[in-house]
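Readers should treat all values here as calculations from the given coordinates under stated rules, not as data from a laboratory. Keep in mind that what you see is a predicted model, and the values were worked out from it rather than measured. So basically every Cβ, Gly included, is an ideal-geometry build from the backbone, and we count neighbours across all protein chains shown.
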Amino acid sequence: MSLKNWLSKLGAPLRDYVESIGYGSRTFANMLGVSPGLLKRPSLVVEQLHFIGNYSMLIITLSGLFVGMVLGLQGYYTLNKYGAEQSLGLLVALGLTRELGPVITALLFAGRAGTSLTAEIGLMKAGEQLSAMEMMAVNPVQRVLAPRFWAGVISVPLLASVFSAVGVFGGYLVGVQLIGVDEGAFWSQMQGGVDIWKDIYNGFAKSVVFGIAITFIALYQGYEAQPTPEDVARATTRTVVISSLMIWWLDFMMTALMFSK
């Protein structure tokens, strides 16, 4: 193989990657630019908020309950070795508000709502509905992408809050009602140790960033998919894979920035 062919094979994937980043950035900027127009039709966002957020509530609630119960059980066995089982409430609350709540909610949202958004947009493109909008002088980015984007951005922090709240209740059920940890100590340790800005606000900020990343990835994968059933299916798979990796990377970066001081 000649050097020219080797460089060509090496550079082609890099060129495609850089091109996709540039086109994605332009699409994101375009979507933000047309978003103020949604103020005239807030029902578009409300409709998507119901579809994206409300239909994800069941899996978020059940997952939060069981994660909180497992965290309470495992936390008790660990703290009991050091005679600190009274701090179980603090352990459960910090674990959920700082990390598990935003991260697991984002992963579940990517699997439930993200794939649905990608498939929906991809099928609309395959059915030439987006092309028909353009022919009727309707901007598909403003009419289709922007409402779904902002609905996702709003949904993820709300779902993460529900996840954490239900998870704390699950830890309470296991720790206090099942094992027998003192109820007053469970709640007082939690109230005294959880900081509203350092813990709750930072976890909320994480969920907002996750919501932006996941929703845009899902929409972009569907919008850029080839109008064939096979490529729409591949785009749905890419949504889950890319979103999951992005969540873990963003979680590490934000944790390093927020809690390093």
Selection from V92, L79, M135, by position along the positive dipole direction of the chain (Cβ): M135
Estimated dipole of region 125-202 in Debye, rounded to 20 [Cβ of Lys and Arg +1, of Asp and Glu -1, Cα centre]: 360 debye
Within the chain, which DSSP H helices have Cα atoms that stretch 30 Å or more along the helix axis and a mean Kyte-Doolittle hydropathy of at least 1.0? 57-80, 146-172
DSSP-loop chymotrypsin sites (Phe, Trp or Tyr not before Pro) across region 208-260, with at most 14 other Cβ within 10 angstrom: F259
Placing +1 on each Lys and Arg Cβ and -1 on each Asp and Glu Cβ in the chain, then taking the dipole about the Cα centre, the residue among L62, Q177, V241 whose Cα reaches farthest towards the positive end is V241
Can you pull the Kirkwood radius for the chain, inverse mean 1/r over Cα pairs, to one decimal in Å? 20.3 Å
So the label point goes 7 Å from the Cα of E183 along Cα→C-beta, right? Which residues of region 87-111 then have their backbone N under 18 Å from it? 87-90
Environment charge at D231 (Cβ cut-off 11 Å; Lys +1, Arg +1, Asp -1, Glu -1): +1
Treating only the Cβ of Lys, Arg, Asp and Glu as charged (+1, +1, -1, -1), what charge dipole size does the chain show about its Cα centre? Round to the nearest 20 debye. 600 debye
Per the helix-only model, the chain has a calculated mean residue ellipticity at 222 nm (DSSP H runs of ≥4, -39500 (n - 2.57) each, divided over all residues, rounded to the nearest 500) of -25000 deg cm²/dmol
